[in-house]
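Working notes, beginning with the structure itself.
Only the coordinates and a few stated rules stand behind these numbers; no lab work does. Note that the structure is predicted; figures quoted are calculated from it, not measured. Because the Cβ atoms are built from the backbone with ideal geometry, glycine has one as well, and the counts that use them run over all protein chains shown.
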């Protein structure tokens, strides 16, 4: 079933993410909803939506300008734009709500039930969800990013003791993007250490990992997929050959199994999915630690 | 005004983010809503909520287990937990919905209006919002991360022509976290180039930036804040002295002004806010380019 494809020149539905702050929430939530209708970027890389981000709409005047731009687009497209809004100020939201587009006020439905439960009025603070750039939590996040960069690819074995999470696995199995994501989005000090032929010959994990077992997470990947990724980096090399990949993956799996490290396959998982799984397991381990 | 602080042992309200996928949407959206009630981590680093992430709840059995865990917590706390759910399957959501906690079904309110507008039934695809790990868009994102790492801190001037965005500014003004965020979250090839005393002596931007004007964004920062950040890295150094910081910032501002590069202050902006502003300006420049 295809979505209603009346639309603009490119046949795509116009979609707006409007916020008084960065628009991250409107975009994340809006995209999740659109995915339920098969709207968004598809496997063949075509997209059946035309996205527009309108951040920092924090006054009636800006809301009016946003509404005009959206209405013009609706006229041009001959079909209503979809407008995902996280405007918290009621009068600013009301101004945008006059749009010809389908106005979806993401906050309004939930403020009421929360007010009743919390016995408290919402503060309607514009941009209240900002990570405040001067809080201790924010500073830890910046430190975590510095840490993930400094320790990437096993660069600083002397700093592994500081890690919240250490990812291990063969070269190009997904360790670096996952480490950076855990640092940026969750403020975790995430290091990563590659398992290399030298480790396989010795038949042991790198020395630097000793004593860190509770924080280590193994990543693995299908040989064909790894080969494809390595081909992108060093085409035609022995390093990228599927046979090399298969052998390294098997040897890494054996090393990790011997050390009691569970392995997560990255073959068809996104960075978000790998990170969510790592966090889930980390929480379970910490819980088990507390119960013990 | 303080939120209702009956709560668990630590006086914090229990909050659950429940999803059939990673939980990123539930968490982003739930935190935005909570911020409207002053709930979350505060400036003094204490938090008045106890967050729990329950990802990959994709069966009735898992929903039942999640509900039990939440209900036990409610009993223990003596106050209802807040449950933010992005479960898309109606029967799985219904099972969780029986919780003693306040159940907030983030999708349900919006599916109806979207179905009517799109003349289409929602597909209720579990985890439909996953970035599929094998799509071209996902591959570009991984490439963008590799690119941001390779070109960080001016490391690869020869690769700047590939950039979508080039951030410039003095050392430690926020270039690296912003580049990584733009790559990870938006798939943009974001490079960054530091402006250093050598450039100030020559009185010119680094040669490698020539011809890239449309893609360059300047970052600046208050001297006191920069000094504080640099002190964290090299305490007591000349590099971290507020006078050094002030001089560098002024010279950098002069160089950028001479080159017609607008500057964005990172002093009290989060990574998300800096990135949102860069994206907004990039879109405006591209629009201006099209109109010209």
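Entry note, the protein assembly as shown: the mean residue ellipticity at 222 nm calculated from DSSP H runs of n ≥ 4, each adding -39500 (n - 2.57), is -14500 deg cm²/dmol after division by the residues and rounding to the nearest 500. Between helix A:60-77 and chain A, what is the angle of the helix's C-alpha long axis to the longest principal axis, kept within 0 to 90° and rounded to the nearest 10? Value to nearest ten degrees: 90.
Distances from residue B:78 to the same residue in each other copy, label points 7 Å out along Cα→Cβ, in nm, shortest first? Taking the point 7 Å beyond Cα along Cα→Cβ, the inter-copy spacings are 6.5 nm.
Springs between alpha-carbon atoms under 10 Å, Gaussian network over chain A: tell me which of A:19, A:47, A:179 tops the mean-square fluctuations. Between A:19, A:47, A:179, it is A:47 that shows the largest mean-square fluctuation.
Helix A:271-291 versus the longest principal axis of chain A: what angle, 0 to 90°, nearest 10, using Cα atoms? That helix lies at roughly 70 degrees to the long axis.
Looking at region B:13-118, the DSSP beta bridges with both ends there are about 5 percent antiparallel.
Taking A:104, A:226, A:120 in turn, the Gaussian network model of chain A (Cα-Cα springs below 10 Å) assigns the largest fluctuation to A:120. With only Cα atoms counted, region A:136-291 has Rg and Dmax values of 15.2, 51 Å.
Of all DSSP-defined beta bridges confined to region B:136-291, some 0% are antiparallel rather than parallel. Rounded to the nearest 10 degrees, what's the angle between the helix A:242-258 long axis and the longest principal axis of chain A, both from Cα atoms, 0 to 90? So the inclination is approximately 80 degrees.
Across the identical copies, the 7 Å label point of residue B:202, projected outward along Cα→Cβ, sits 4.3 nm from its counterparts, in ascending order.
Note on region A:13-118: Rg/Rh from C-alpha atoms, Kirkwood Rh, equals 0.99.
Each other copy places its own label point for residue B:284 at 4.8 nm from this one, sorted shortest first, where the point lies 7 Å along the Cα-to-beta carbon line.
Note on chain B: with a GNM built from Cα contacts shorter than 10 Å, the maximum mean-square fluctuation among B:109, B:21, B:59 falls on B:109. Rounded to two decimals, the Cα radius of gyration of the protein assembly as shown over 2.2 N^0.38 Å is 0.99.
Of all DSSP beta bridges confined to the protein assembly as shown, the antiparallel ones make up roughly 5%.
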